[in-house]
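Input: a single structure, listed below in structure tokens.
The values are calculated or read from the model by the stated rules, or taken from the named source; none is laboratory data. In this text the structure is predicted, and so the values were computed from the model without any measurement. Reconstructed Cβ throughout: ideal geometry from the backbone, glycine too, with neighbour counts over all protein chains shown.
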Amino acid sequence: MDETLDYWPRMIRALRGRENLTQEALAGYLGVDQTSVSRWERGRDLPALRQRRRIRDLYRRNAGGKQDQVTRARVRNAFWPSSLVGPGAVFIEINRRALSEIDLTLTDLRGQSIYGLFGPQVDDVTERWEHTGIFDGDLAMTISLNRIERPDGTVHVKTLDTPHFTSGGDVWCLCEIQRISEAEHARLHAEFGGDNFTLPFDALPA
């Protein structure tokens, strides 16, 4: 493979490694399927011009600012179950306490999207959550209620989510995760009028 053809495979692999993205997650960002990303990485094909620009933009953004690193480390080492989620509901970090809290045997979800992992009910709640504006920087806080269906029963989960504004201008969401009872889930659902509660910055006391 000559140097020109090797440029894109190297850049895409470096980007995925730096951002902890799976091929599928990167494909979602670029609006293509996972097979396309795989072919690009193997030098079997080249990204179209629009995808090349998007890849360059993603690569150039500064995700390595000190405050961003501190936030990621805070999640990894937190004493409470927590995760850090980016646009597309992609896990940037998730600690072992969070995995234990929701009784998951998976060891590392970084780079994977929430969609498709926990069942259709979680997908629906997550889609509504993304549409609330949390990744647009409009909200100070959200609370989401989820039901994770497992062979041995249903796990009810509440997440308290606050935005983190990265040095590169993106919004990540810091999610504190708590397993709750079915009764508590029902009570909060009635109180919120649904599975999502939002608090806009404009609603904060002056």
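The figures follow:
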quantity	calculated
Of the criteria (1) under 15 Å from Leu58 (Cα atoms); (2) surrounded by 14 or more Cβ atoms within 10 Å (Cβ to Cβ); (3) modelled with pLDDT of 85 or more, which one Asn20 fails	(3)
Close pairs from segment 33-49: first assigned by TED's automatic domain parsing to the domain that holds Pro9, partner modelled with pLDDT under 95 and in a loop (DSSP other than H, G, I, E, B), Cβ under 6 Å, at least 6 apart	Arg39/Asp45; Trp40/Pro47; Gly43/Met1
Within segment 14-23, tally of residues that are closer than 16 Å to Arg54 by Cβ and assigned to a helix (DSSP H, G or I)	6
Residue list for segment 121-180, restricted to those being over 15 Å from the mean Cα position of the chain (by Cα) and hydrophobic (A, V, I, L, M, F, W, C)	Leu139, Ala140, Met141, Ile143, Leu145, Ile148, Val155, Val157, Ile180
Trp172, sole failed condition from (1) within 20 Å of Thr126 (Cβ to Cβ); (2) in a loop (DSSP other than H, G, I, E, B)	(2)
